[in-house]
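Since the structure comes first, as C-alpha cells, the remarks are kept for the end.
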Amino acid sequence: MASPGLVGQLPTELLFIWHTHRIPILFTAVSVLAILRLALYYRRTREKISTSPLPLSPIEKTVVELRPEWLPENTTLDPSILNLDNHAEESTIVAAPLEKARKGPKTVKGKKMRSKVSKTAPTFDHKIDQVQPLIFFQSLSGATERYATEFAKIFSSWASSSSSSLLSPQILDLSYIEFDDYFISPPKSDSNVKYFYLLLLPTYNIDTVLSTFLENLQETHNDFRIDTAPLSALLGYSVFGFGDKEDWPTEEEGFCSQAREVDKWMARLTGRKRAYPLGMGNVKGDASARLEEWRVGVQEAIVEITEGRGLGEGVPGSGDPAESDEEDIDVVEDSDVEVISRKLVRPKKTARVDDVEDLGSMVNSSNSDSLLPIDFTTYKSKPASTQAPKEMVPITSPTHASLTKQGYTIIGSHSGVKICRWTKSALRGRGSCYKYSFYGIASHLCMEATPSLSCSNKCVFCWRHGTNPVGTTWRWITDAPDLIFDGITQAHYKKIKMLKGVPGVRAERFAEAMRIRHCALSLVGEPIFYPHINELLNIMHRNRISTFLVCNAQHPAQLAALVPVTQLYVSIDASNKDSLRKIDRPLHRDFWERFCTCLDIIRNRRFEQRTVFRLTLVKGFNMAEEVKGYADLVERALPGFVEVKGVTYCGTSAAGTAGLTMQNVPFYEEVAEFVTELEKELNARGLMYGIGAEHAHSCCILLADSTRFKRDGRWATRIDFERFFDLHEGKVEGTRLEKGEDGTAKVVGWRPEDYIGQDTPEWALWGNKGFDPRDVRVYRKGKGPKADAENAAEAEAKKGNFKLVEI
Ligand SMILES: Cc1cc2nc3c(=O)[nH]c(=O)nc-3n(C[C@H](O)[C@H](O)[C@H](O)COP(=O)(O)O)c2cc1C
Ligand code: SF4
C-alpha cells in the first residue's frame with residue numbers, strides 16, 4: 001500500500017515530469033494523430049478508386065430472346081417443373097428484419113404523432129358546444145363589402161340548414177369594431193359558444209384601417225403582458241384576400257399582400273389554427289369563383305368541427321410570420337406516421353398462383369398457406385420448399401417503422417404512398433417538378449406511389465436508406481389491386497388535407513389537389529414486381545389518372561406483358577455491364593441479359609406508348625467516358641425521350657458504404673455538358689435527338705426524338721392527358737395500323753403521337769431554365785441570385801473594389 005506521504009507527492013511529481021518533458025510529449029501526441037488521419041484518408045481514397053467504373057465496354061448488340069424462365073406465363077405450380085432457385089435472396093430475405101422485429105419492435109412512431117396531434121386537439125365538445133362564425137371584413141371603395149354581404153347570405157342559409165350546433169354567422173366591419181374586443185381574446189359569452197373567425201380583406205398599399213389592424217395584431221402578439229397566442233381559444237380561422245392583378249400581377253409585386261400578412265399574424269395569435277388555406281381572388285378576374293371555392297372548403301372545415309373532429313389531423317398551420325422554405329413542411333413530415341387501416345387493404349384470402357397475370361385465382365382461393373414463390377431468375381433441379389407466404393413489410397417490422405418515419409404510408413403489406421416535396425411546393429405556388437416543364441404534370445395533382453416496396457436491385461443512390469426488402473421472387477402475401485388503389489388514394493388525400501394549415505398553401509390549388517390526375521409509379525421498389533400491376537393500371541386509367549411507370553429493366557417478362565401506360569420509363573443507371581453491376585448492385589445473376597432484353601422490349605413497344613430512358617448521373621460512377629455507351633443503348637431501344645438527371649444525394653449510410661458522397665453529385669453545368677455531348681454523339685449516328693426542355697431547379701434535362709416530338713419546328717413534349725383517356729376508352733380512334741391477313745391495314749390501337757399535347761412552353765425550352773414564371777421561386781438561405789449578388793459584392797469589397805450602394 002502506498003504511504004500517504006507518497007500519494008501526497010504524486011501531483012508534484014507529475015507536474016515536474018510535465019515541465020521537463022512537455023515538448024517531446026506534445027510532439028509524440030501530434031505525430032500519432034497525424035499518422036492516424038493519414039491512414040484514414042488513404043483508406044477512403046482507396047475505397048473510392050475501387051468504386052469508379054472500368055473503362056467503357058461496348059454493349060453486346062445481339063438480340064436477346066425472352067427466356068422461358070423469365071416468363072411467368074410458362075410457370076406452373078408443379079414444383080418439380082418450376083425448379084426454383086432462391087439463391088439470390090439468401091443474403092437479402094425479408095425474414096431477417098421480421099426476426100428482429102419479433103425480438104423487440106420499435107413502435108414509438110405512432111405515439112409521437114399522437115402527442116403532436118393532441119396538442120392541437122379540438123376543444124369542442126360536439127354534444128354540448130356550439131360554433132359561432134364571425135365574418136370580419138374591411139372595405140374602402142365597397143367591393144369587399146359587397147362580396148362579404150353576399151358571402152354572409154349564402155353562408156347563413158347553409159348554416160341554418162346544417163347542424164344545430166352551428167349558429168347563424170355575424171358579419172362585422174373592422175372599421176367599426178374595437179379590435180381589443182375580438183383580437184386580444186375571443187368575445188366573452190356563454191361558455192358553450194366557441195368562435196370561428198372568417199376574414200375577408202382587400203389590400204391597399206397606402207395607410208388605411210387595415211394598416212392599423214395589422215399593427216394591432218402584431219402588437220398584441222409582441223406584448224409581453226399578453227400570452228403570445230391569446231386567440232388560441234378560437235376553433236379556427238381562415239382569411240380571403242381581394243386584390244387587383246392588373247396592377248399587382250404577382251405576390252412579389254404586392255398582390256393581396258395585406259391579406260397574406262393578416263393570415264400569418266392570425267396563425268401566431270391563434271396558436272396555428274388555420275382551418276383552411278388562405279384564399280385569394282382578383283377583383284378584375286376570378287374573385288367570385290375563388291371565393292366560392294373557399295366558401296365550400298371553409299364549410300367542410302366547420303362540418304368537421306361540429307362533428308367533433310376538430311381541425312383534422314396534421315398541421316394546423318405554422319404561426320411563424322417569417323416563413324422559411326421548409327420549416328413548416330418538415331413538421332408535417334415528422335408527424336406523418338399514420339398507417340391506413342390494415343383492415344381496409346388486407347386481402348380476404350390469398351390464393352395459389354398459377355400465373356401471375358391471373359388475378360382471380362390469386363385473390364379468391366381459400367388456401368392462403370400454399371402460395372408458392374416463383375423465381376424468375378434461374379432453374380435448378382432442387383424442388384421448392386412450400387413455405388407459407390409472408391407479409392413483405394409487416395406492421396411490426398423495423399422496415400415499417402423506418403418507412404413511416406420517412407413519411408410513407410404503408411398500404412396493406414407491400415404498397416406505399418408518399419407526398420413528394422414538389423407536391424407541397426406546387427400547393428404553395430413555389431413551382432412544380434420537371435414533369436410540369438416537360439410534360440404538363442402539375443405536381444399538386446400528382447400522387448407518388450408503388451405497389452411493391454421490394455426491389456431486385458440495391459442501387460447505390462437509392463433513397464430507401466437501405467431498409468427496404470429486396471428479392472428476386474414475389475413470395476409475399478399479395479393484396480388485391482382495387483384495395484391498393486383505394487388505400488393509396490385515400491392516404492394521398494389524407495396527406496393533402498394535412499397540409500391545409502401550412503402557410504402559403506393556396507386555396508385554389510388545395511381544392512384542385514383533391515382530385516388526383518396523375519400517378520408516378522416510381523417511388524421506391526419495383527412496381528412491375530407486383531403480380532397484378534396491369535389490373536392496378538387499368539383501375540387508374542378508368543379513373544382517368546395518368547400513369548408514369550418507372551421500371552428497373554430487370555423483369556423482361558412483366559415488361560413485355562404490361563398494358564400500355566401514359567409514359568413508360570426504364571432506369572438506365574449505367575452504360576455497360578460492369579458499371580451497371582457496381583451502381584445498381586442487382587440481385588439477378590443474369591442482370592445484363594435481362595437489362596438488354598428490356599431495351600429490346602422498349603424498342604418493340606415504342607409505337608404503342610411514350611417510352612423514356614431515365615439516366616441518373618453519379619459523378620465518379622457512371623458519367624465519365626460513358627457517353628458512347630449510353631448512345632449505344634439509345635440506338636438499341638430508340639426511346640421517345642431521354643431524361644438526364646443529376647443524382648440527388650440522400651446521405652444514407654447505405655450510400656456512404658457504397659462510397660457515395662456529395663462529391664458524386666454533379667453540378668448542373670456538368671449535366672448540361674454531358675447531355676450536349678450525348679446529343680452530338682446521337683446526331684453523328686443519324687439519330688435526330690435534340691434537347692427539348694430543361695428544369696435546372698431539379699437538375700434535369702430532356703432529350704427528345706425530334707422526328708416524333710417536334711411539330712412545325714417547335715418542340716411538343718407535353719401530353720394531352722384527356723385524349724390519352726379518350727383513346728383508352730375508345731372514344732376516339734388511334735392511328736396505329738397493322739396489316740391484317742388479307743393484306744389490308746387495320747387500326748389496332750393508338751400511338752404516342754395520338755396524344756401529344758401543346759407545344760413545350762417557351763420558359764421550359766433549352767436555355768430558359770424551365771421554371772414556370774407564374775410560380776414564385778424560393779431559394780434556400782445562402783442560395784439564389786440575391787445571395788450570388790451579395791457574395792460577388794463581398795468578393796469585390798475584399799479586393800478593394802468598393803462601389804456605392806443605395807441604402
Ligand atoms: C390605392 C390603392 C392601392 C391598392 N393596393 C393594392 C395592392 O397593393 N395589392 C393588391 O393586390 N391590390 C391593391 N389594390 C386593389 C384593391 O385591393 C382592390 O381594388 C379591392 O377590391 C378594393 O376593395 P374595396 O373596394 O373593398 O376597398 C389597391 C387599390 C387602391 C385603390
Ligand atoms: S412527378 Fe414525381 S416529382 Fe413530380 S410531383 Fe409527381 S411524384 Fe413528385
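Listed values, structure above:
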{"quantity": "Sites Thr735 and Arg37, calculated FRET efficiency, Cβ-Cβ separation with R0 51 Å, nearest 0.05", "calculated": "0.15"}
{"quantity": "Relative contact order for region 232-295, counting Cα pairs under 8 Å that sit 6 or more residues apart, in percent", "calculated": "44"}
{"quantity": "Candidates per trypsin sites (Lys or Arg not before Pro) in region 480-537, loop by DSSP, up to 14 other Cβ within 10 Å", "calculated": "Arg515"}
{"quantity": "Relative contact order of region 125-309, defined on C-alpha pairs under 8 angstrom at six or more residues apart (%)", "calculated": "23"}
{"quantity": "Long-range HN-HN contacts of Arg475 with modeled amide H, under 5 Å", "calculated": "none"}
{"quantity": "Highest-first arrangement of 441-454, 586-599, 210-223, where packing means the average Cβ count within 10 Å", "calculated": "441-454, 586-599, 210-223"}
{"quantity": "Inter-label distance for Arg225 and Val563, nm, one decimal - labels placed 7 Å from Cα along Cα-to-Cβ", "calculated": "6.9"}
{"quantity": "Cα-based Lys pair tally, region 125-309, threshold under 30 Å, eight or more apart or on separate chains", "calculated": "19"}
{"quantity": "Net lengthening on full extension, Asp775/Ser163 (0.36 nm per residue, minus Cα-Cα)", "calculated": "216.4 nm"}
{"quantity": "Cβ crowding within 10 Å averaged over residues, with 762-770, 417-425 ranked highest first", "calculated": "417-425, 762-770"}
{"quantity": "5 angstrom amide H check on Thr250, placed H, neighbours 5+ away", "calculated": "Phe255"}
{"quantity": "Residues in region 702-724 reached by a label modelled at Arg544 [backbone nitrogen below 15 Å; 7 Å Cα→Cβ]", "calculated": "720-724"}
{"quantity": "Peptides ranked, highest mean first, by Cβ atoms within 10 Å: ranges 158-168, 720-730", "calculated": "720-730, 158-168"}
{"quantity": "Normalised contact order of region 383-535, rounded percent, pairs of Cα under 8 Å and 6 or more residues apart", "calculated": "31"}
{"quantity": "Euclidean distance of C-alpha centroids, region 210-282 and region 514-553, integer Å", "calculated": "40"}
{"quantity": "Long-range amide H partners of Met280 with built H, under 5 Å", "calculated": "Gly241, Ala507, Glu508"}
{"quantity": "Theoretical gain in end-to-end length, Asn205 to Ser189 [0.36 nm per residue, Cα-Cα removed]", "calculated": "2.1 nm"}
{"quantity": "Note, ³J(HN,Hα) from phi for region 704-716, Karplus 6.51, -1.76, 1.60, rounded to Hz, x at Gly and Pro", "calculated": "9, 6, 5, 6, 10, 10, 10, 10, 6, x, 10, 5, 10"}
{"quantity": "Exposure proxy ranking, count of Cβ atoms within 10 Å, fewest first, for Tyr689, Tyr668", "calculated": "Tyr668, Tyr689"}
{"quantity": "DSSP-assigned coil residues among GluC sites (Glu not before Pro) in region 129-193, each with at most 13 further Cβ atoms within 10 Å", "calculated": "Glu178"}
{"quantity": "Residues Leu562, Leu26 arranged by fewest to most Cβ contacts within 10 Å", "calculated": "Leu26, Leu562"}
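Readers should treat all values here as calculations from the given coordinates under stated rules, not as data from a laboratory. From a predicted model like this one, the values you see are computed outputs, not experimental measurements. Virtual Cβ from ideal backbone geometry, glycine too; neighbours counted across all protein chains shown.
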